[in-house]
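The values are calculated or read from the model by the stated rules, or taken from the named source; none is laboratory data. A quick note: this is a predicted structure, and the numbers were derived from the prediction, not measured. So basically every Cβ, Gly included, is an ideal-geometry build from the backbone, and we count neighbours across all protein chains shown.
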Amino acid sequence: MMASANSADQVFVTLKDVIVAQVPAPFQTLVSILISVAMIIVVFAALFALTTVFERKGLGRIQNRYGPNRVGPWGVMQPLADALKSLTKEDIVPKRADRLVHYLAPLVLVGVVFLSYAVLPVGRNMTAVDLDTGVLYFFAVGAATELAVFMAGWSSHNKYSLLGAMRAIAQMISYEIPLILSSVPVIMMAGTLSLVTIVEQQNRYTAGIAHWNVFTPWGLAGFILFMIAATAETNRSPFDLPEGESEIIAGYFIEYSGFKFALFFLAEYLEMFAVSGLGITLFLGGWSSPVSLLAWIPSWLWFFGKLLALIFAFIWVRGTLPRLRMDQLMNFAWKFMLPMTLIVILSAGVWRFLSPGVVGPKPLGGVIRWLVCALVILAPYILLARMLERGRKIEKRTYRFAE
Amino acid sequence: MLGEGIIQGLVETARNFFGSYTEKNRLVTVQYPEERHELPEASRNFPFLLYDGKDPEAGLRCVACQICEKECPPRCIHIEKSKDKKPDFVGKQQAYPAVFDIDVSVCMSCQICVEVCPFDAIRMDKVYELSTDDRFGGLLYTKKELAKPNEYYQKIHPVEAAETDGRRVKEAEEAKAKAAAAEAAAKAKAASAASAAASGPQPVVSDAIAKEKQS
Amino acid sequence: MRDALLDRDVYEPEEGEIMEVSMGPHHPSTHGVFRMDVKLEGERVVKLKPVFGYLHRNHEKIAEHGAYLSAIPYTDRLDYLCSMTNNWGYVLAVEKLAGIAVPERAEYLRVIVAELTRFQNHAGLIGFLLQDMGASGTPLMYAFREREKILDLFESLSGARMMCNYMRFGGLRVDATKEWLDEVRALVGRLPQFVDEYEALLRANEILLARTQGTGVLPRELAINTGVTGPMLRASGVNYDIRKVDHYGIYDRFTFKVPLGEHGDVYDRYMMRLLEMRETLKLLEQALHDIPEGPVMDPKVRLRGLRPKAGEAYGRIESPKGELGFFLISDGSGNPYRYRVRPPSMINLTILEDMCVGENIADTVIILGSVDIVLGEVDR
């Protein structure tokens with residue numbers, strides 16, 4: 001039972017059609033593409049501005065203080081002040097830096113990150129480019145960000161930035177694999193790489209609840225693993241060792257000042273939105289609503305609502321956890337995340353095998369299927385955790401007291 | 001190792017986040033400059049000179065004994081004694097400072113000058129909004145800027161001011177009583193000398209018997 | 001290669017590129033202006049040289065030129081977070097030199113303010129340690145909320161939050177009112193809950209455990225040989241607390257325990273301070289319960305122009321950082337002939353290289369944080 005489209009839902013699509021119809025025929029595709037690109041840039045850059053304030057005030061409230069509240073009501077004009085500041089700062093390039101690469105690195109980073117928004121279905125019929133191989137395109141473009149990070153670190157001719165860049169490369173490459181593997185179960189179940197089709201398949205309702213992938217055990221575990229790998233990909237805390245603020249002071253973008261620094265920040269946040277958007281699309285049902293009762297709320301509102309919730313989760317985790325060390329990060333990726341993603345794939349296969357009708361009648365069969373697949377994931381998780389704990393000699397200690 | 005410590009930490013953080021909206025005592029920020037933190041009574045910042053009455057020159061308590069200048073650890077006080085004298089609150093003739101400079105950029109508000117002053121002339125202020133754009137003279141406070149009335153002291157340190165004022169009132173009364181007694185003694189002596197000169201040689205009466213006769 | 005003294009394997013650098021990094025004086029995590037010249041092989045530390053002296057302010061020479069009374073405000077600024085205990089160390093040395101006795105109430109009040117100082121220092125330190133680990137300031141802000149309450153108490157007692165200048169030879173400068181003592185009792189009643197919350201936030205956190213256990217191990221023998229004191233020594237398993245050894249003040253009237261660690265790593269040092277916070281609260285409760293009425297200053301003592309007889313004295317206390325000692329030689333005049341501070345932060349810092357060699361550079365910062373230095377004391 002698909003929810004029907006209404007006019008509030010399609011308001012942007014109809015607006016775009018109206019504008020494109022004004023233009024003479026040979027230019028219509030070009031104008032349509034330009035409008036999509038402009039909309040993506042405007043919307044996500046505005047979301048970036050809002051997120052900087054949101055993050056600072058959120059972190060402040062977690063730490064029992066106000067965030068910025070001087071510039072504008074509740075500090076919402078703070079990004080404007082920050083943008084003005086970064087535009088007017090002196091642009092310092094180290095003397096022995098490789099000038100061309102130093103200049104290009106932030107541009108490449110921002111450009112590549114914007115490219116990944118092309119395949120995200122932001123609402124019903126609101127994907128910029130409906131590629132058949134959407135997931136593959138997204139991951140390919142996401143891997144190109146690592147190149148830009150290394151360009152930044154190498155060209156600065158500074159030991160700190162080189163350290164930061166090497167750490168960043170090692171981390172991002174290691175976490176690409178769990179990221180991709182945790183999305184494989186979704187692709188398996190959907191049978192297609194196209195993001196639009198994946199969302200539409202989750203837009204079906206049984207007894208009022210949607211068929212989101214996150215409501216299945218392999219979907220839930222896959223979502224958690226995906227978000228952990230996404231945190232590592234975008235260098236957010238607790239995986240922000242490359243920009244380890246208290247150790248090597250900003251790592252690979254230490255030699256950047258002024259607007260280029262702001263561009264690195266922009267790229268980091270945009271990548272966070274993009275990868276959260278992919279997570280929402282694959283696991284949380286994209287633009288669909290969880291219950292059919294609320295399906296009248298516009299689809300793009302649902303998408304951005306879920307995006308804001310995930311951003312809040314990122315901020316929450318940042319405010320709580322200390323940083324992991326480099327070798328611990330690597331251990332975590334290769335020894336824990338990789339086996340867990342393979343087990344999730346196994347669980348998805350078991351789910352498909354135990355399709356309703358094989359085990360028992362409809363409701364009971366569904367419950368048994370859920371429990372069996374959950375067990376397939378939980379048992380190896382506990383075993384693996386215990387094994388790693390023994391290997392690393394972490395213990396609960398008790399202390400003696402002297403008189 | 002199963003991640004429950006991390007979950008515990010996240011729960012604690014969330015509790016603080018929501019608590020900062022609902023509980024009053026979680027969010028302790030004072031929104032300066034709209035609100036100002038109320039300083040406790042004993043708080044001290046930089047010294048100032050006290051004067052009684054309305055005229056800072058005439059009522060200035062400082063007698064330029066230079067004890068605070070000697071005891072000040074970073075030597076930020078500069079005093080030059082005057083050549084003439086003026087009476088203080090008990091009537092004694094005392095010198096006064098012609099120049100009394102405190103370099104506030106050196107002063108570390110240690111309060112030792114207040115402790116050692118025998119004349120209750122220098123006390124600690126509570127001001128902290130003293131920034132100026134004059135790099136060389138702006139933070140050198142002269143006698144004119146340092147002198148503040150006793151009413152100001154009573155406003156900022158009420159308990160200390162009450163104790164100091166009580167003591168000074170008592171000292172003034174004692175000094176007055178002593179002065180009255182000394183004056184009466186001098187008058188009696190003058191009267192007895194005059195009567196002795198008027199009535200010719202008299203048997204010598206000792207002073208003690210004469211005093212007994214009068215009291 | 002096995003190092004006999006450190007009793008563990010020491011990393012031997014192979015033929016490779018050694019990168020020399022100066023974690024320079026301007027650094028967010030070096031607790032002040034402090035520099036470490038680190039030679040790295042990849043991410044491992046091969047050699048580390050600490051360079052300090054950026055905050056040297058001639059404290060000892062200034063104290064030798066001024067009177068005994070004028071040195072007290074300068075001692076506030078040694079370990080600027082714990083000014084009350086600094087004052088106590090110096091005043092203890094002068095009292096030993098000149099043979100001055102201290103009234104009862106003054107002794108109790110000294111214990112109360114010293115233990116409050118210890119509490120706020122340890123709370124702040126654990127917050128700083130977690131800030132260095134990247135927890136973006138959240139535990140630090142919680143600790144500072146409690147520290148602010150203690151500093152407000154100091155302000156209403158002595159007039160200043162941090163540079164208290166409160167203790168004098170033969171007692172204290174001013175007496176504490178009954179309202180102040182009641183406020184301290186109310187605060188001490190609320191603090192155990194804070195310590196529990198703080199511990200819950202961090203004790204079971206796997207990331208914290210993984211980063212701090214086994215890092216920066218200081219073996220027991222090396223700690224004793226180097227002269228390390230304070231919580232760092234007790235984390236390596238040596239039972240040495242000057243409050244128990246010297247019985248200075250009236251500490252022998254109170255019952256409190258001394259926590260001891262086993263492994264001597266960063267986790268043990270951090271737990272030492274957490275457990276000491278609890279013991280401090282017990283001490284405070286006992287002192288607040290037993291405090292008598294009376295004067296706080298011996299009226300016959302000359303503060304101005306104190307001229308102790310010629311001789312020498314060494315007064316030491318258990319400051320929150322370690323053994324803080326003041327060595328005074330008097331030649332009978334109003335200025336000390338020789339004034340020497342034994343700074344616990346600097347002496348604990350001498351062992352930094354041995355703890356850091358073989359660890360990652362990311363751990364260097366944590367190990368430095370667990371040593372608990374304050375540059376005012378290291379450089380004087």
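Miscellaneous remarks
- A:Val112 meets each of the listed conditions (1) at pLDDT 90 or above; (2) under 30 Å from A:Ile297 (Cα atoms); (3) crowded, with 18+ Cβ neighbours inside 10 Å apart from (2).
- Helices (runs of 4 or more DSSP H) enclosed by segment C:51-123 - at least 3 residues per element that are within 14 Å of another protein chain (Cβ to nearest Cβ) and surrounded by fewer than 20 Cβ atoms within 10 Å (Cβ to Cβ): C:59-65
- Test for C:Glu221: is it within 14 Å of chain B (Cβ to nearest Cβ) and not in a loop (DSSP other than H, G, I, E, B): no
- Check on C:Gly127, outside any helix (DSSP H, G or I) and without any contact (Cβ under 8 Å) to a residue 60 or more places away in the chain: no
- Output for segment B:11-65, where each listed residue is touching a Lys or Arg at 6+ places or on another chain (Cβ under 6 Å), more than 12 Å from every other protein chain (Cβ to nearest Cβ) and among the aliphatic types (A, V, I, L, M): B:Leu50, B:Ala64
Yes or no, residue by residue, for (1) over 30 Å from A:Leu346 (Cβ atoms); (2) of a type in the set (Val, Ile, Thr); (3) out of contact with any Lys or Arg (no Cβ under 7 Å at 6 or more places or on another chain); (4) away from every other protein chain (no Cβ under 14 Å):
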| residue | (1), (2), (3), (4) |
| --- | --- |
| A:Ile92 | yes, yes, yes, yes |
| A:Tyr103 | yes, no, yes, yes |
| A:Leu107 | yes, no, yes, yes |
| A:Asn125 | yes, no, yes, yes |
| A:Val129 | yes, yes, yes, yes |
| A:Val135 | no, yes, yes, yes |
| A:Ser183 | no, no, yes, yes |
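- Some residue of segment C:208-228 being within 26 Å of C:Glu95 (Cβ to Cβ) and either in the same structural domain as C:Lys321 (by TED's automatic domain parsing) or at pLDDT 90 or above (or both): yes
- Among the criteria (1) part of a helix (DSSP H, G or I); (2) farther than 25 Å from A:Glu389 by Cβ; (3) out of contact with any strand residue (DSSP E or B) (no Cβ under 6 Å at 6 or more places or on another chain), the one C:Arg243 does not fulfil is (3).
- Matching option when the condition is surrounded by 18 or more Cβ atoms within 10 Å (Cβ to Cβ) and either more than 30 Å from C:Val113 (Cα to Cα) or touching a His at 6+ places or on another chain (Cβ under 7 Å) (or both), among C:Leu222, C:Leu233, C:Leu191: C:Leu222
- Criterion: polar (S, T, N, Q), within 10 Å of another protein chain (Cβ to nearest Cβ), buried (at least 18 other Cβ atoms within 10 Å of the Cβ) and more than 24 Å from the chain's Cα centre (by Cα) - qualifying residue of C:Asn165, C:Asn205: C:Asn205
- Only one entry of C:Arg145, C:Arg105 meets the criterion of being out of contact with any strand residue (DSSP E or B) (no Cβ under 7 Å at 6 or more places or on another chain), at pLDDT 90 or above and of a type outside the set (Gly, Ala, Ser), and that entry is C:Arg105.
Here is a yes/no grid of residues against (1) in contact (Cβ under 8 Å) with a residue 60 or more places away in the chain; (2) closer than 17 Å to A:Val186 by Cβ:
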site: A:Pro94; (1), (2): yes, no
site: A:His102; (1), (2): yes, no
site: A:Val108; (1), (2): no, no
site: A:Gly111; (1), (2): no, no
site: A:Phe114; (1), (2): yes, no
site: A:Gly123; (1), (2): yes, no
site: A:Met126; (1), (2): yes, no
site: A:Leu136; (1), (2): no, yes
site: A:Phe139; (1), (2): no, yes
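- Residues that are outside any helix (DSSP H, G or I) and among the polar types (S, T, N, Q), drawn from segment A:167-200: A:Thr192, A:Ser194
- Residue within segment A:280-300 that is buried (at least 20 other Cβ atoms within 10 Å of the Cβ), without any contact (Cβ under 8 Å) to a residue 60 or more places away in the chain and in the same structural domain as A:Lys159 (by TED's automatic domain parsing) present: yes
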